Amino acid sequence: MLEIENLKVVAEGKEILKGVNLKIKEGEVHAIFGPNGSGKSTLLAAIMGLPSYKITEGRIIFRGKDITGLPVWERAKLGIGLAFQSPPEVSVRLDKLLERIKKGEIEKYVDALNMRNYLERNINAGFSGGERKRGEILQLAAQKPDLMLLDEPESGVDMENIYVISKVINELLEKEKRIKERKKAAIVITHTGYILDFVSASIAHIMMDGKIVCSGPPADVMRNIKKNGYEKCVECMEVEE
Amino acid sequence: MRGVHGGGRMNSLKQLGLDEKSAGKFIMDNEIVTELKVENEAVEILPSSEAIEKYGEYYFKAISPDKDKYTKMVSDGSVNGYFIRVKEGHTIDLPIQTAFVITDDGLKQLLHNVIVLEKNARLNILSGCLASAYRDMHVSVTEFYLDEGSYLTYTMIHNWARDTEVYPRTAAMLKKNATFISNYISLTRAKMIQSSPVAYLDENAIARFYSILYAKDGSKFDIGGIAKMNGEGSRSEIISRVISQDSDVVSRGLIEGNANHSKGHMECSGLLLGSGIIHTIPELKSSVENVDLSHEAAIGKLAEDELYYLMARGIVEDEAKSLLIRGFLDVGIKGIPPAIREQIDRAIDIMAVASF
Ligand SMILES: Nc1ncnc2c1ncn2[C@@H]1O[C@H](COP(=O)(O)OP(=O)(O)O)[C@@H](O)[C@H]1O
Ligand SMILES: [Mg+2]
């Protein structure tokens, strides 16, 4: 579904991604771990096509199409959806935006995510951290993207609500279907890994200083990070390979 | 051809909400009253030419004819415009609709309007102005007399021609416990609009001025509101949303707290598109100790991060911009009937967003 080849990205003159390679197939969920500032959000921004991130080398192929130069809204229309790590306040009412972007019924998601009282407010205006995250997932539920880019969806969200958003994410990922029948995929950036207790990942990667330095089964990668920290973890994972 | 004649005129009046059910109507084309209808016994509507005989005591009482050259033009000219009165204790549910249409090139439409609400009367007025002429001018004096406990919502939706100059002079006298809500919506180009309505508030009276302005294409707007809180416990609010697109806008406000326990708040948000100018001049003045006055002003341009946030949802750039513009103009007017709110929303949808 998604192929990223040797992606290099510069923001404000500084190289942030230094040659990222990543391949994602339908039905897969890729988790990305990595220290603050290692470039995780930048990778999602580059896939989505947000400005201020300039691609200097490499390509992004989505469903066989080179999208490296496409504007952001066109990528969204092709089926890529981003749940922002820190979404801005937007002076548009949430219900007006949902009305505009929804593909099919979203009422059940509004209730599942406890967002009914926020519909008539401007997007994220005065929302708490957790409310913003739920709002992001609600917008993805309206968009129904084929590839979901989830940037720390659980940070600032209480346990109960992590469960709630995970349920919706699983539904959007068609987790009820057999793996082979699933057409959706996701990249999940997570610090804590909590979300992976509910949304199972196929593979996990560690990003360090603008590169994916190792990949492996999520449970092993997480265990290694916990035991040895990011730096050490890279060494031993390499040894394991 | 730009026209408000025939079907075009009907459509434009519709845009201004004048096709809806009403408690009364007053329409003036150029200098002639073309419709005057009253559908509620508690309401009296007269052309000012007649009313000035019967109700002369209300004319030029809240505003002096010598205030400036425009009030002078009105006092020197022949008397046009309307007189509206609601009898004591009556609540009029349907709005009264008024419209002033200019189609004659070079016309100076001079008007003198008077609105009287007797004790505890309640009324909504929906007032449309529409021009499709060259070098035309609209000059009006409007006086409101709101007796004790009365409640008026006065909503003006204006649709001027490129070339129109507009000089309304407005004053409202609010007796004890009276409420005046003034909504001014002007979303098309005009050569010049200069207006600064004044409200004088007695004890516990409330005045709220809302302005939703979209100056485009070289318009010049100088628009404000003045609230003089002369009675204890009176309250006022002056709130504006101003877009300047290659235009020059001055947005003023003055709130005076001249009596104890009065409370006033002013808020001006400006949005610049293209090479616009917005100059906000919020003024607060108080002559007694126990008052609560505040103001906020902010001017910005469309925020990139908001724009890209919407585009990341699959919305193309122009549409994302118009969503943000629509959102910006949504001032959340309080205290008006749903039908009027819908009318305002519709006008914004048609005139501001669709034409962006
Ligand atoms: N718009 C930007 N302009 C300049 N530098 C940026 C921008 N966005 C991110 N960076 C920098 O790029 C690096 C990676 O940031 P980010 O991708 O947000 O990291 P992560 O999500 O892994 O914490 C950081 O050093 C950050 O300061
Ligand atoms: Mg990040």
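Things worth noting here:
- Packing rank of B:21-31, A:82-92, where each peptide gets the mean count of other beta carbons within 10 Å, highest leading: A:82-92, B:21-31
- Beta bridge orientation in the stretch A:2-240: antiparallel %, DSSP, nearest 5: 60
- Three-way shape label, the stretch B:18-151, alpha-carbon gyration tensor, a/c 1.5: oblate
- Remark: mean inter-chain Cβ contacts per residue of A:117-124 equal 1, using a 10 Å Cβ-Cβ cutoff to other protein chain atoms.
- Simple spin-label estimate for residue A:219 and residue B:217 in nanometres, 7 Å along Cα-Cβ: 6.8
- Neighbouring partner chain Cβ atoms per residue of A:89-95, average, 10 Å criterion: 6
- Cα gyration tensor shape of chain B, rounded if a/c is under 1.5, else prolate or oblate by comparing a/b with b/c: oblate
- Karplus-based coupling profile of the stretch B:182-199, in residue order and whole Hz: 10, 10, 10, 10, 9, 10, 10, 5, 9, 5, 7, 10, 9, 7, 8, x, 10, 10, with θ = phi - 60° in 6.51 cos²θ - 1.76 cosθ + 1.60 and x standing for Gly or Pro.
- Computed from point charges on the beta carbon alone (+1 for Lys and Arg, -1 for Asp and Glu), the dipole magnitude for the protein assembly as shown about its Cα centre is near 1020 Debye.
- Under Karplus coefficients 6.51, -1.76 and 1.60, residue-wise ³J(HN,Hα) of the stretch B:66-74 in Hz, glycine/proline x: 8, 4, 7, 5, 7, 5, 5, 4, 5
- The protein assembly as shown - mean residue ellipticity at 222 nm from DSSP helices (-39,500 (n - 2.57) per run, n ≥ 4, rounded to 500): -7000 deg cm²/dmol
- Modelled spin-label separation between residue A:191 and residue A:86, with each label point placed 7 Å from Cα along the Cα-to-Cβ direction: 1.1 nm.
- Helices meeting the span-like rule in chain A (full DSSP H runs, Cα extent of at least 24 Å along the helix axis, mean Kyte-Doolittle score of 1.0 or higher) are absent.
- Debye, to nearest 20: dipole size of the stretch A:99-241, +1 on Lys, Arg Cβ, -1 on Asp, Glu Cβ: 480
- For residue B:227, distant residues with modelled amide H under 5 Å away: B:199, B:254, B:255, B:256
- Listed values for the stretch B:115-125 are Karplus-derived 3J(HN,Hα) couplings in whole Hz (6.51 cos²θ - 1.76 cosθ + 1.60, θ = phi - 60°), namely 10, 10, 10, 6, 3, 6, 7, 9, 8, 10, 10, and x replaces Gly and Pro.
- 5 angstrom amide H check on residue A:184, placed H, neighbours 5+ away: A:27
- Surface share of carbon and sulfur [accessible, 1.4 angstrom probe, percent] for the stretch B:101-206: 41
- Accessible-area value, residue B:173, 1.4 Å probe, nucleic acids and ligands omitted, Å²: 70
- Projected label distance in nm at residue B:78 and residue B:275, using a 7 Å step from Cα toward the beta-carbon: 4.5
- Relative contact order (%) - the stretch A:1-48, alpha-carbon pairs under 8 angstrom, separation at least six: 33
- Shielding by partners, peptide B:314-320 (average Cβ within 10 angstrom, other chains): 6
- Springs between Cα atoms under 10 Å define the GNM used for chain A, and in it the highest mean-square fluctuation of A:179, A:55, A:169 occurs at A:179.
- Amide H contacts for residue A:68 (H built 1.01 Å from N in the peptide plane; partners 5 or more residues away or on another chain; cut-off under 5 Å): A:60.
- For chain B, DSSP calls about 10 percent of its internal beta bridges antiparallel.
The values are calculated or read from the model by the stated rules, or taken from the named source; none is laboratory data. What you see is a predicted model, and the numbers here were worked out from it, not measured in a lab. With ideal geometry, Cβ positions are generated from the backbone for all residues, glycine too; neighbour counts draw on all protein chains shown. What goes into the accessible areas is simple: the full protein's heavy atoms, side chains included, and nothing from ligands, DNA or RNA. Shrake-Rupley method; radii C 1.70, N 1.55, O 1.52, S 1.80 Å.
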